[in-house]
Amino acid sequence: MSKAKSTISSYWIGFRSKKPFSIMGLGFVILSLIAIPSLFYNQKITIGPYEKYNYEEIVSHGERKNARITGVMIKNNVTSNGINPRIISYEYIFRDSMFTDKFQTLEVEQVDSLSKKDSVNVFVWNGKSVISKIKPYTFPMGLLWCIPILMEYKQA
């Protein structure tokens, strides 16, 4: 059995004979090549620096300092199990300089009891800080990239 030869000219003839559908298909391919890198870039710039901190590493290596809360904000565009994360802004003095940082958590009971100018303990290490005795929360953005794979698997 011999294989049929396919050349670029045969592809071009097929493309021209099914013009509306081939243009639509080509448009979707080009659109995806533009959209996917922009989504990766958007994901990278929307994550706050405090969301990338390694909590265990900072607590184990860090120095304990006192910090003063400057604000508590509710993040309304994210919900986990019906709870919106809280973002705590605080400032602390480290090596005779004032630093500000943020911390995101889902522990609503502990955070709602805090108000401006309250004092909290933070661990500071390598220019990063975390509040002690409160677990951090970060939205798992990597899971969003698994949804199309799961949808395809479900259809098969």
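Phi angles of segment 81-92 translate, via the Karplus equation with coefficients 6.51, -1.76, 1.60 and θ = phi - 60°, into HN-Hα couplings of 6, x, 10, 8, x, 10, 10, 9, 9, 8, 10, 8 Hz per residue; Gly and Pro are given as x.
Ranked by the mean number of other Cβ atoms within 10 Å of their residues, highest first, the peptides 108-121, 16-29 come out as 108-121, 16-29. With one equal scatterer per alpha carbon and no solvent term, the Debye-computed log10 I(q)/I(0) for segment 1-121 at 0.13 1/Å reads -0.71. The helix-only estimate of mean residue ellipticity at 222 nm for the chain, built from DSSP H runs of length n ≥ 4 each weighted as -39500 (n - 2.57), is -12000 deg cm²/dmol after division by the residue total.
Using the Karplus relation 6.51 cos²θ - 1.76 cosθ + 1.60 with θ = phi - 60°, the per-residue 3J(HN,Hα) values for segment 95-104 come to 6, 6, 10, 8, 10, 10, 8, 10, 8, 10 Hz, with x marking Gly and Pro. Residues W125, W12, arranged from fewest to most other Cβ atoms within 10 angstrom of their Cβ, appear as W12, W125. Does anyone have the angle between helix 19-46 and the longest principal axis of the chain? Alpha-carbon axes, 0 to 90°, nearest 10? Helix 19-46 sits at roughly 10 degrees to that axis. Each of E107, E56 has some number of other Cβ atoms within 10 Å of its Cβ, and from fewest to most they run E56, E107.
Read the figures in this text as sums done on the coordinates, not as results from a lab. Owing to the predicted nature of the structure, the values given are computational and were not obtained by experimental measurement. Here the Cβ is made from the backbone with ideal geometry for all residues, glycine too, and neighbour counts use every protein chain on show.
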